[in-house]
Amino acid sequence: MIGSTHPEQANRWESSAELAWRIRRHAVDMVNRAKTSHIGSIFSISDIVAVLYDSILSVDPLNPSDPARDRFVLSKGHAGCALYAALAEMQFFSTEELKKYCINGSLLSGHISHKGIPGIELSTGSLGHGLSVATGMALSAKKRKASHRAFVLMSDGECDEGSNWEAFLFAAHHKLDNLVAIVDYNKLQSLRSVDDTLRLEPLRDKLVACNWAVEEIDGHDHAALVRQLARVPFESGKPSLLIAHTIKGRGVSFMENSVLWHYRTPQGDEYVAAVAELERARP
């Protein structure tokens, strides 16, 4: 079990934009050190994760198992670096633990794990399961008349999984307005575009037809993310879904909108160039 640190010792960021920058800066070091992949997917969701932990989620690093906490499930577990980095910055555990990412004996695995790691609700990686589990969390809260909410961050590619569409129908049927799903809509999957793999459009219309309350947004616009997520549920008696239009690899120009950076790891000159670009953009 990784131990927590005292939040008062944290070097607190001044804005969610700074937290997003810290997430990206940690992540590029983590994947470089471990020679692992998925940096494009990590950068895609860094702004969303930063806004959630800076402004939206009710969680406490000193009491990570508080029954009243909001639940957050990162369904696209291959981008787990972003969540590990956010939790370390929140002082659920030390940022020193990030240096052990994906080395033998570390609890910080490449696809995210909840085992022994405070703040992680669910191990994910096999796509198409996060929404179903979050739906169960929301239903449980409703039945126990608890006030906490369940948030799930999904990839666009995993919306191809049939299990999600069963969960969309189930959540609407049970009027789970304490459930919030965010789709990271970067339009690229592991090997080609979403359109070339299995087209989702018209995504909003399909989800509205499933009786969800749906909004669309620029997933890198922090003010807009706060504005939308602070007002959930979008409609009483309906689960909320936010389609967040994002850019895979956001933050490093030569990684942006490139399917190459789903699996490629930044090494050598590419790592140096990525770090230099991130440092120039430091808030």
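The values are calculated or read from the model by the stated rules, or taken from the named source; none is laboratory data. Not measured: the values here are computed from a predicted model. Note: ideal-geometry Cβ built from the backbone for every residue, glycine included; neighbour counts use all protein chains shown. Note: areas computed on protein heavy atoms with side chains; ligands, DNA, RNA excluded. Shrake-Rupley method; radii C 1.70, N 1.55, O 1.52, S 1.80 Å.
Note on segment 5-103: enclosed helices (runs of 4 or more DSSP H) holding 2 or more residues that are touching a residue at least 24 places away in the same chain (Cβ under 8 Å) and open to solvent by 10 Å² or more (accessible area, probe 1.4 Å) are 16-34.
Given the structure, is residue 130 more than 17 Å from residue 60 (Cα to Cα), among the small types (Gly, Ala, Ser) and touching a strand residue (DSSP E or B) at 6+ places or on another chain (Cβ under 7 Å)? When the stated conditions are applied, residue 130 passes them. Between 236, 163, the distinction of being hydroxyl-bearing (Ser, Thr, Tyr), on the phi < 0 side of the Ramachandran plot and part of a loop (DSSP other than H, G, I, E, B) belongs to 236 only. Please pick out the residue among 120, 112 that is farther than 15 Å from residue 1 by Cβ and either among the charged types (D, E, K, R) or in contact (Cβ under 8 Å) with a residue 12 or more places away in the chain (or both). So the residue among 120, 112 that is farther than 15 Å from residue 1 by Cβ and either among the charged types (D, E, K, R) or in contact (Cβ under 8 Å) with a residue 12 or more places away in the chain (or both) is 112. Within segment 216-230, the set of residues being touching a strand residue (DSSP E or B) at 6+ places or on another chain (Cβ under 9 Å) and farther than 28 Å from residue 39 by Cβ comprises 227 only. Just checking, does segment 206-214 include any residue being of a type in the set (Gly, Ala, Ser) and open to solvent by 70 Å² or more (accessible area, probe 1.4 Å)? Yes, because at least one residue in segment 206-214 is of a type in the set (Gly, Ala, Ser) and open to solvent by 70 Å² or more (accessible area, probe 1.4 Å).
When we screen 150, 172, 138, 134 for residues that are more than 19 Å from the chain's Cα centre (by Cα) and open to solvent by less than 40 Å² (accessible area, probe 1.4 Å), the only hit is 172.
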